[in-house]
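The values are calculated or read from the model by the stated rules, or taken from the named source; none is laboratory data. What you see is a predicted model; the values in this text were computed from it and never measured. Heads up, the Cβs are rebuilt from the backbone with ideal geometry, glycines too, and the neighbour counts pull from every protein chain shown. Calculation scope for accessible area: heavy atoms of the full protein, side chains included, ligands and nucleic acids excluded. Shrake-Rupley method; radii C 1.70, N 1.55, O 1.52, S 1.80 Å.
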Amino acid sequence: MSDSWRAGSETRPTDGVGEESGGTPFPENVSGTPGSGAGLRRLLSCLGIVVLVLAALAGGIVWLFRDELFHPFGDVRACEGSDLQLPGVINAGGASIPADASDIHYFTRNGSAEVSFLSSQIPDYLHRAGIIPDDKLLFDENYGTKAVADDEIELPDGLCGSPLRGPAWIYQPTGTTSPGVNVMVERSPMVNDLFRSPARAVVTYNTP
């Protein structure tokens, strides 16, 4: 009796065997490979960080080189559509623009150039360029005339930058005084025979 009981107990299946062989699967078989979900999340998180870093680097590069990327010839002074790059020191109409010139812009097209700049040395430039002879007054009507006195005077087509403020004076030299050069300069709104200080000038001339 005792031997038979022991034999029966040895061959009797345990509770877990039936479930393993054909019943309900173990928990690890339900979820697949242990830890696979956590690993995927870590991978996606790393990829996201890499993408953000690359985007930041690309944005920084664009910001650093924005002038070269968005201006003709990589020259911040050149207006869109210019077909010729002007040198670092612009020789406009026979003389270099004033040394104190600021807010400089230019537009070149089909052999002509338009240059805009702000300066307190306009009289010196006009004399050096031969626009006005040294012995003549700045507002001699033999060399120029009054322009419109609007608060703002539009720039020539294609030239970018700030408009001129009226009143203004236009020089249109002929003969021996820089033929083909046109200069418009802001006059003082208070004193007729003075320029603004500083004054904006727009010089139009033929390029070599």
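Please turn the phi angles of the range 166-172 into ³J(HN,Hα) values with the Karplus equation 6.51 cos²θ - 1.76 cosθ + 1.60 (θ = phi - 60°), one per residue in order, whole Hz, x for glycine and proline.
x, x, 9, 10, 10, 9, 10
Can you tell me, using C-alpha contacts under 8 Å and at least 6 residues apart, the relative contact order of the range 123-208 as a whole percent? Walk me through the numbers on the way to the answer.
On the way: 139 pairs, mean separation 19.3, N = 86.
Computed over the range 123-208, the figure is 22 percent.
Which FRET efficiency value, to the nearest 0.05, do you get for SER102 and LEU47 by plugging their Cβ-Cβ distance into 1/(1 + (r/R0)^6) with R0 = 35 Å? Don't skip to the answer; put the middle values down first.
Values: r = 48 Å, r/R0 = 1.37.
The value I calculate is 0.15.
If I compute solvent accessible area with a 1.4 Å probe over the protein chains, what percent of it on the range 125-169 is carbon and sulfur? Working shown, then result.
Values: 1170 of 2640 Å².
After summing per-atom areas, the C and S share lands at 44 percent.
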